[in-house]
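Notes follow the structure.
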Amino acid sequence: MDPAFLTSDGFWSDPAPFAAVAPGVAAPVFPETPELLGQVLFQTSGSSGAPRWIALSKDALHVSAQAVNRHLGVETASRWGLALPVHHVGGFGVIARARAAGCGLHGYGQKWNPQTFAAWLSDHRITHTSLVPTQVHDLVTAGLRVPDGLLAIVVGGGRLDETAGRAARALGWPVLASYGMTEAGSQIATQPPACLRDDYHSAPIPLLDIWDADVDADGRLRISGPAMFSGTLLPKDGGWSYVKRESPWHLTQDRVSLDGRWLTPLGRADTLVKVLGELVDPEHIERELLEISGGALHPGIFAVVALPDARTEHALFPVFEGVATPEQDTWVRAYNESAAGFRRLRDCVRIPVMPRSDLGKIRRAALAEMVAALRERSSS
């Protein structure tokens, strides 16, 4: 998809539904319904759910873009840099923000490389961009200092841990934690540029001014606002069935804490598992391992997988990508020494490559299947 086309008046005024598909992928055939007019469709499956398409009106995407620009202080003299795939709402949102601000836009448009990216930022005088945590980690690992003129990096698509975030800030990279989802047209909460004066923290994160939020009895986030999705296309009988959003509120599967308008993500409600009768959050254990490793680990190269177990209901396995190292066993032992019995980890599992989305997120359902198959082969 050509960014120039997606910022054009012709695209934004065209009522035909538009499917944001990856390069080389044919757009699916959707039902012909007036409810899809003026909608941009994004495919999403989260980390474990079934594939579906989220419909967002162009008006909703524009409102989201305006809110982000206000929050970050983007103006006509600014220049957005596009370094995320356009078929994801995070990348598309960068394009919408440039159009909404009437400012410059330039696409990275090449295979990710931290050195090339840093030079590209400088060459094109980029002031604002969005990255995922893996990209930030690569900049830090390469020891690259920020080029002049870059004012803000919105980090989305996952949690940037404190160690990597502080290392990035020490090199001058203006990383700002954000929280969002496709159903919200991109960002729900984003740290403001004023946070750059302080040490990096991954939370809390203030809600953008277009969103109202609360939590239900199970701690799951509910949101309401003008940038909300219109409906969902679900697979049915070899095709797609459109389900319109009827409520002004959307109940997510994300657990959060709210302090006024400040949000702290706590993980997915649908990743909680029972071990010896106790609820356990594998993602929380991952965050503990990140801290124990002192920054040697980063999201995307390891995970904690819960597999069914006849005795304990579930067993927790730490999974690492690539060649085994003594440090991995050391980190797991250090974790187990202080963890309650029901939260302790079994033996380390190593796999050559993690199953990931093109934004670097681990596909947890696929990973669980891989680990279960490995365990079955090793026991037979």
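Here are the numbers for this structure:
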item: Residue within segment 239-253 that is of a type outside the set (Asp, Glu), closer than 19 Å to Ala203 by Cα and part of a strand (DSSP E or B) present; result: yes
item: Residues located in segment 229-252, provided they are in contact (Cβ under 8 Å) with a residue 12 or more places away in the chain and surrounded by fewer than 16 Cβ atoms within 10 Å (Cβ to Cβ); result: Leu234, Pro235, Gly239, Ser241, Val243, Lys244, Arg245, Pro248, Trp249, Leu251
item: Filter result (of a type in the set (A, V, I, L, M, F, W, C) and part of a loop (DSSP other than H, G, I, E, B)) within segment 160-186; result: Leu160, Leu171, Trp173
item: Any chance Trp240 is at pLDDT below 95 and not assigned by TED's automatic domain parsing to the domain that holds Gly360; result: yes
item: Contacts under 7 angstrom Cβ, first residue in segment 327-344 being touching a residue at least 40 places away in the same chain (Cβ under 8 Å), partner surrounded by 13 or more Cβ atoms within 10 Å (Cβ to Cβ) and assigned to a helix (DSSP H, G or I), 6 or more apart; result: Trp331/Leu289; Trp331/Ile292; Trp331/Ser293; Ala334/Ile292; Tyr335/Glu288; Tyr335/Leu289; Tyr335/Ile292; Arg343/Ile285
item: Residue in segment 12-30 that is of a type in the set (Val, Ile, Thr), within 24 Å of the chain's Cα centre (by Cα) and not in a helix (DSSP H, G or I) present; result: yes
item: Checklist (1) surrounded by fewer than 24 Cβ atoms within 10 Å (Cβ to Cβ); (2) closer than 15 Å to Leu41 by Cβ applied to Gly104, failing item; result: (2)
item: Counted residues, segment 318-372 - those being surrounded by fewer than 18 Cβ atoms within 10 Å (Cβ to Cβ) and among the aromatic types (Phe, Trp, Tyr); result: 1
item: Ala213 vs. criteria out of contact with any Phe, Trp or Tyr (no Cβ under 8 Å at 6 or more places or on another chain), buried (at least 18 other Cβ atoms within 10 Å of the Cβ) and modelled with pLDDT of 95 or more; result: yes
item: Qualifying residue in segment 68-88 (condition: among the polar types (S, T, N, Q), at pLDDT below 95 and in contact with a helix residue (DSSP H, G or I) (Cβ under 9 Å, 6 or more places away or on another chain)); result: no
item: Hey, Asp161 surrounded by 22 or more Cβ atoms within 10 Å (Cβ to Cβ) and assigned by TED's automatic domain parsing to the domain that holds Leu258 or not; result: yes
item: Scan of segment 326-380 for residues that are assigned to a helix (DSSP H, G or I), under 27 Å from Pro133 (Cα atoms) and basic (Lys, Arg), ordered by number; result: Arg333, Arg343, Arg364
item: Residue in segment 191-198 that is within 30 Å of Lys58 (Cβ to Cβ) and assigned to a strand (DSSP E or B) present; result: no
item: Arg97 vs. criteria assigned by TED's automatic domain parsing to the domain that holds Val243, within 30 Å of Tyr242 (Cβ to Cβ) and not polar (S, T, N, Q); result: yes
item: Residues that are loosely packed, with under 13 Cβ neighbours inside 10 Å and either part of a loop (DSSP other than H, G, I, E, B) or touching a strand residue (DSSP E or B) at 6+ places or on another chain (Cβ under 6 Å) (or both), drawn from segment 1-11; result: Asp2
item: Qualifying position, being surrounded by fewer than 23 Cβ atoms within 10 Å (Cβ to Cβ), at pLDDT 95 or above, farther than 30 Å from Met228 by Cα and of a type in the set (D, E, K, R), among Asp138, Asp148; result: Asp148
item: Complete set of residues in segment 13-44 that are of a type outside the set (D, E, K, R), surrounded by fewer than 16 Cβ atoms within 10 Å (Cβ to Cβ) and either farther than 24 Å from Ser357 by Cβ or outside the structural domain of Val94 (by TED's automatic domain parsing) (or both); result: Ser13, Pro15, Ala16, Pro31, Thr33, Pro34, Leu37
item: Selection within segment 145-187 - of a type in the set (Gly, Ala, Ser), more than 21 Å from Pro85 (Cα to Cα) and in contact with a strand residue (DSSP E or B) (Cβ under 9 Å, 6 or more places away or on another chain); result: Gly149, Ala164, Gly165, Ala168
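Condition check ((1) in contact with a strand residue (DSSP E or B) (Cβ under 6 Å, 6 or more places away or on another chain); (2) under 18 Å from Val353 (Cα atoms)) across all residues:
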{"residue": "His298", "(1), (2)": "no, yes"}
{"residue": "Phe302", "(1), (2)": "yes, yes"}
{"residue": "Ala310", "(1), (2)": "no, no"}
{"residue": "Glu313", "(1), (2)": "yes, no"}
{"residue": "Leu316", "(1), (2)": "yes, no"}
{"residue": "Phe320", "(1), (2)": "yes, yes"}
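The values are calculated or read from the model by the stated rules, or taken from the named source; none is laboratory data. Since we're looking at a predicted model, the values are computed, not measured. Glycine gets a Cβ as well: all are built from the backbone with ideal geometry, and neighbour counts include every protein chain shown.
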